[in-house]
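These notes are about the structure you will find just below.
Derivation of every value follows stated rules applied to the coordinates shown; laboratory data play no part. Keep in mind the model is a prediction, meaning the values are calculated, not measured. Backbone-built Cβ (ideal geometry, glycine too); neighbour counts: all protein chains shown.
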Amino acid sequence: MGIPYRSVFFISDGTAITAETLGRSILSQFSGINFEPRVIPYVDSPERAQNAIEQINAATLADGAQALVFDTLVDPEIRAMVNSANAFNLDIYEGLIGRISSELGVEPDPHQGQAHDSVDSDTYKSRIDAVHFALDNDDGARTRHYDMADVVLVGVSRSGKTPTSLYLALRFGIRAANYPITEEDIDYHKLPKVLLPHKDKLFGLEISPQRLVAIRNERKANSRYASVDQCRRELKAVRNMYEDNQIPFLDVSEMSIEEIATRILQMTGMKRRIG
């Protein structure tokens with residue numbers, strides 16, 4: 001018998017990022033189920049709500065089991081419509097808002113869009129500025145703005161520096177630069193000179209040789225760059241560099257980008273700018 005199958009919908013009157021992030025986090029606890037996720041953003045009118053209902057009902061009928069629906073709909077009328085679908089509904093906001101309202105003794109003012117950043121808000125601008133900074137200071141291409149960085153991620157090639165930098169920027173508004181420790185740096189046996197003035201901002205990423213070999217083989221299969229010996233040599237040298245220079249570091253071999261970013265904030269005490 002195959003793995004049980006279940007359709008899952010992440011629905012919102014905005015981007016649906018919150019619904020999907022929380023929903024996927026919860027569903028990760030149920031590894032024995034084969035989930036088929038579908039994201040339906042911007043359900044902000046009765047017409048779009050009806051379209052979502054039709055998709056949900058069709059999935060329930062096809063699967064022979066109720067679809068799971070995670071939603072962060074603010075408008076109570078739109079939410080009630082979606083909740084009428086033939087599904088197992090997990091309303092993320094409704095339960096929380098009701099409890100908070102009872103505690104505060106104040107009724108919520110449910111206007112669409114209030115739960116989402118405006119493109120004119122300071123939060124949104126901070127997020128975009130941080131993303132631009134991460135892109136402009138990626139992979140050691142530019143180093144002259146490291147004095148403006150909140151953190152500079154270092155590590156061997158393909159250890160996850162770029163995606164972590166971008167996630168820190170997008171999720172927390174952190175200005176994260178990243179610098180690859182190259183074979184030339186390793187042969188020099190010292191921290192690259194360009195990093196010395198910013199030593200207090202450095203954070204190292206470490207990865208297992210097996211994981212690094214697998215990742216590099218996806219880019220350059222059967223190359224010296226992806227060989228076990230080369231990966232082990234680089235990782236050993238970089239680990240020594242971290243320890244010699246008292247650079248905090250983290251083994252990211254089995255971590256998601258979300259986990260890596262959160263652990264970096266925790267270990268450094270760095271304050272998020274947004275979120």
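Each of Ser31 and Leu196 was given a label point 7 Å from its Cα along the Cα-to-Cβ line. The distance between the two points is 4.7 nm.
Restricting the chymotrypsin sites (Phe, Trp or Tyr not before Pro) of segment 18-72 to loop positions (DSSP other than H, G, I, E, B) with no more than 15 neighbouring Cβ atoms within 10 Å leaves Phe30, Tyr42. Note on Lys271 and Asp251: their simple-model spin labels are 3.4 nm apart, each label 7 Å out from Cα toward Cβ.
Return the inverse of the average 1/r over all pairs of distinct C-alpha atoms in segment 5-104, which is the Kirkwood hydrodynamic radius, in Å to one decimal. Don't jump to the answer; show the numbers that get you there.
Numbers: mean 1/r = 0.0735 Å⁻¹.
Evaluated over segment 5-104, this radius sits at 13.6 Å.
Rounded to 0.05, the FRET efficiency of the Ala221 and Glu103 pair, given R0 = 51 Å and the Cβ-Cβ distance, is 0.35. Here, segment 140-193 yields an orientationally averaged convex hull projection of 3.9 nm² when only Cα atoms define the hull.
Under 5 Å from the amide H of Asn86 lie the amide H atoms of Asn57, each residue being 5 or more positions distant or on a separate chain, with H modelled from the backbone and absent for Pro and chain starts.
To check you understand DSSP bridge types, tell me what percent of the beta bridges within the chain (both residues inside) are antiparallel, rounded to 5. Roughly 0 percent of the beta bridges in the chain run antiparallel, per DSSP. With Rh defined as the Kirkwood radius, the inverse of the mean 1/r over Cα pairs, the Rg/Rh of segment 122-268 is 0.96. The stretch between Asn51 and Ser208 holds 51.9 nm of extra length on full extension. This uses 0.36 nm per residue minus the Cα-Cα distance. Beyond 25 Å in Cα-Cα separation lie the following of the pairs Lys125/Lys201; Lys161/Lys236; Lys125/Lys199; Lys193/Lys271: Lys125/Lys199; Lys193/Lys271. Of the residues Thr72, Gly32, Val82, the one whose Cα sits farthest towards the positive end of the charge dipole of the chain is Gly32 (charges of +1 on Lys and Arg Cβ, -1 on Asp and Glu Cβ, taken about the Cα centre).
The alpha carbon centroids of segment 29-90 and segment 211-253 are separated by 43 Å.
Taken along its three principal axes, the alpha carbon spread of segment 37-190 comes to 66, 42, 28 Å, from the longest extent down to the shortest. In this entry, segment 61-109 is assigned a mean projected area of 3.6 nm², taken as a quarter of its C-alpha convex hull surface.
Once you keep just the Cα pairs under 8 angstrom separated by 6 or more residues, what percentage relative contact order results for the chain?
Details: 432 pairs, mean separation 38.3, N = 275.
It rounds to 14 percent for the chain.
Between 0 and 90 degrees, the angle of helix 122-136 with respect to the longest Cα principal axis of the chain falls at about 40 degrees. Dividing the convex hull volume of the alpha carbon atoms of segment 19-68 by its residue count gives 75 Å³ per residue.
Around the amide H of Glu36, modelled in the peptide plane, lie the amide H atoms of Arg6, Ser7, Val8, all under 5 Å away and 5 or more residues distant in sequence or on another chain.
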